[in-house]
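See below for the structure under consideration.
None of the figures in this text is laboratory data; all of them are computed from the coordinates on show. Note that the structure is predicted; figures quoted are calculated from it, not measured. Quick reminder, even Gly has a Cβ in these numbers, built from the backbone with ideal geometry, and neighbours come from all protein chains shown.
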């Protein structure tokens, strides 16, 4: 809808400028250079990105490499025994699954710690939001450029106030990457007991080296379920200029442009459940609220039909750029983007 509307009006204006009319088209005389308007003006093309989701911290902290200390893993443990790990070996160890055992090179046992990267993200594109605006035009008179003057073009200033309530919900099931730390302990030819096996501090038991060789790799994706809600009250002030070109006695096209600044006051709430296969699920949540000033600019095209000297109907489309509005807590962030946002407005103008 919006591209077609803008292209039609642009084509009409360009065709008129390219013509060779000698006589200016005059609009019905209005009572005052001031015109005031109000209209329904929805925001179209909003985009919201939710990021930093999928928190799942390790069950145990990562320990530095070296012997003589206790290691705890998702699938077992290697700890100091009652001998103080005499000979750099310990019988105080345990494991859960036979897949952890590797018989090559004298045998070794592998243990893992898995952590989510919390990099799940989702988005809601092309969101629309109802809005309303009031605005005013002040006519500065005829344009002095010869070609535009011949067309009866006028120019002036425009000021406006726009309000919209933006509410975006997202409940998609997302995925987060995981990071797997693997420590490999040498068995020195010792065959491990059948899994699952749990050694003890006092022992005795089969001995295993107490200093691991470490590697890291990407793991299987974690599933992230939950809800994300961004609620924003957006009030935008705009100021700029316009060029009005009459196409016939009662209809004119306005080219508009200027700067704006929005006051964005909003809140972000999320709840997530992150699940990693074999390790279970973890819950996380967060909430944030803030008020920010977002600078920007706008460029628009309007069509005005003059009913009588006092009243007119206006339809317009404006591209409105503003800085992103972001909120975040507990590692997650919601960003409302205006990079592809338009305002379509239909309203009435009154002059007195």
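Quick notes
- Sequence-separation-based contact order of the range 229-287, relative, with Cα cut under 8 Å and 6+ spacing, percent: 34 percent
- Residue with peak Gaussian network fluctuation, the chain [Cα springs, cutoff 10 Å], from 326, 198, 341: 198
- In degrees, nearest ten, helix 2-18 long axis to first principal axis of the chain (Cα): 40 degrees
- Under 19 Å from the residue 352 label point (7 Å along Cα→beta-carbon), backbone N, the range 304-345: 307-314
- Label of the coordinate-derived value, mean projected area of the Cα convex hull in nm², listed as (1) 17.3; (2) 18.8; (3) 24.0: (3)
- The Cα atoms of the range 140-258 give a gyration tensor whose axes a ≥ b ≥ c have a/c of 1.5 or more with a/b greater than b/c, which makes the shape prolate.
- Calculated FRET efficiency for the pair residue 125/residue 250, C-beta based, R₀ 35 Å, to 0.05: 0.35
- Distance between the pseudo-spin-label points of residue 40 and residue 163 (7 Å out from Cα toward the beta carbon): 1.7 nm.
- Across the chain, Cα pairs under 8 Å and at least six residues apart give a relative contact order of 23 percent.
- Between residue 136 and residue 58, full extension at 0.36 nm per residue minus the direct alpha carbon distance yields a gain of 22.2 nm.
- In this calculation the C-beta distance from residue 179 to residue 340 is compared with R0 = 51 Å, giving a FRET efficiency of 0.90.
- Highest-MSF residue in the chain out of 178, 216, 114 [GNM, Cα springs under 10 Å]: 216
- Hypothetical label at residue 285: residues of the range 215-229 whose amide nitrogen lies under 20 Å (7 Å Cα-Cβ projection): 224-229
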